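Enquirer: Once you've had a glance at the structure underneath, I'll fire off some questions.
Any read-out appearing in this document is the output of simple, stated calculations on the displayed coordinates, not a laboratory observation. Note that this is a predicted model, so its numbers are computed, not measured. Note that each Cβ is placed from the backbone with ideal geometry, even for glycine, and that neighbours are counted across all protein chains shown.
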Amino acid sequence: MDEISFTPRELDVMSILWRAGSGTVSEVRDALGEALAYTSVLSVLQTLEEKGHVRHESEGRAYRYFPTVEPEAAGDSALARIRDAIYQGSAEMLFAQLVSDRGLGRPELERMRRMLAERLKEEES
C-alpha cells in the first residue's frame, strides 16, 4: 500500500473535497470556516495536486479541484500509522479503543459485530 499522508490543513481541505465532490479555491475557503487567505488555500490545493491527491479543471477564470484519492485509501494509511505509532502495531488494541468509545450507539456496535462476523467467515473459507 502506498502511504498517503496529509498535514492537518491538507486533511481539512481533502475532507471538504470528499464531502462536496469538488470545489474551487473560494468554495473550499468558505467551507473551511476559518479566516484564511485565498492564497493560503490555493497553496494547499497546489501542494495536494503536486502530491497527486487532487486534480483540477478550468471553470471560467477559476479552477475546480477534484480529489483523486478515495477517503478509504487515506483512512487505511492513517489507521496503519496510528496502529503502529500509538498501539505498538496491535490492531486488537486499536479495536479495543474504538469499541470502548461510549459515544457509539447500539446500531453502530451491531453493524461492527456483523462486519466482524463476515470477516471471520472469510477467514474460514
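Enquirer: Measure of size requested: the Rg and Dmax of the chain, with Cα atoms as the atom set and Å as the unit; please supply both.
Expert: 18.3, 56
Enquirer: Also: Tilt of helix 71-86 relative to the longest C-alpha principal axis of the chain, in degrees (0 to 90, nearest 10)?
Expert: The answer is roughly 60 degrees.
Enquirer: Hey, another quick one. Run the quick spin-label model on PHE95 and ALA73: label points 7 Å from Cα toward the beta carbon, then report their separation in nm to one decimal.
Expert: 2.7
Enquirer: Now a separate question. Using amide H atoms built 1.01 Å from N in the peptide plane, name the residues 5+ places from VAL54, or on other chains, whose amide H lies under 5 Å from its own.
Expert: GLU49, THR68
Enquirer: Using only Cα atoms and rounding to the nearest 10 degrees, what angle (0 to 90) does helix 8-20 make with the longest principal axis of the chain?
Expert: 90
Enquirer: Next question. Gain in length, GLU34 to LEU116, computed as 0.36 nm per residue apart minus the alpha-carbon separation, to one decimal in nm?
Expert: Full extension from GLU34 to LEU116 adds 25.6 nm.
Enquirer: To the nearest 0.05, what FRET efficiency results for ALA85 and ARG106 with a Förster distance of 35 Å applied to their C-beta separation?
Expert: Efficiency computed from Cβ-Cβ geometry: 0.70.
Enquirer: Still on this structure: Along the stretch 24-35, what does the Karplus equation 6.51 cos²θ - 1.76 cosθ + 1.60 (θ = phi - 60°) give for ³J(HN,Hα), rounded to whole Hz, x for Gly and Pro?
Expert: Once rounded to whole Hz, the list reads 7, 4, 4, 5, 5, 4, 5, 6, 5, x, 10, 7.
Enquirer: Determine the calculated [θ] at 222 nm for the chain from helices alone, applying -39500 (n - 2.57) to every DSSP H run no shorter than 4 residues and normalising by the residue count; nearest 500 deg cm²/dmol.
Expert: That calculation yields -20000 deg cm²/dmol at 222 nm.
Enquirer: Report relative contact order for the chain in percent, whole number only (criteria: Cα-Cα under 8 Å, sequence separation at least 6).
Expert: Numbers: 91 pairs, mean separation 28.5, N = 125.
Contact order relative to length: 23 percent.
Enquirer: Would the stretch 82-125 count as rounded, prolate or oblate if I go by the C-alpha gyration tensor, calling it rounded below 1.5 in a/c and otherwise prolate when a/b exceeds b/c, oblate otherwise?
Expert: Taking the square roots of the gyration eigenvalues as a ≥ b ≥ c, the stretch 82-125 is oblate.
Enquirer: What is the helix-to-structure angle for 38-50, meaning the angle in degrees between its Cα long axis and the longest Cα principal axis of the chain, kept from 0 to 90 and rounded to the nearest 10?
Expert: Long axis of 38-50 versus the principal axis of the chain: about 60 degrees.
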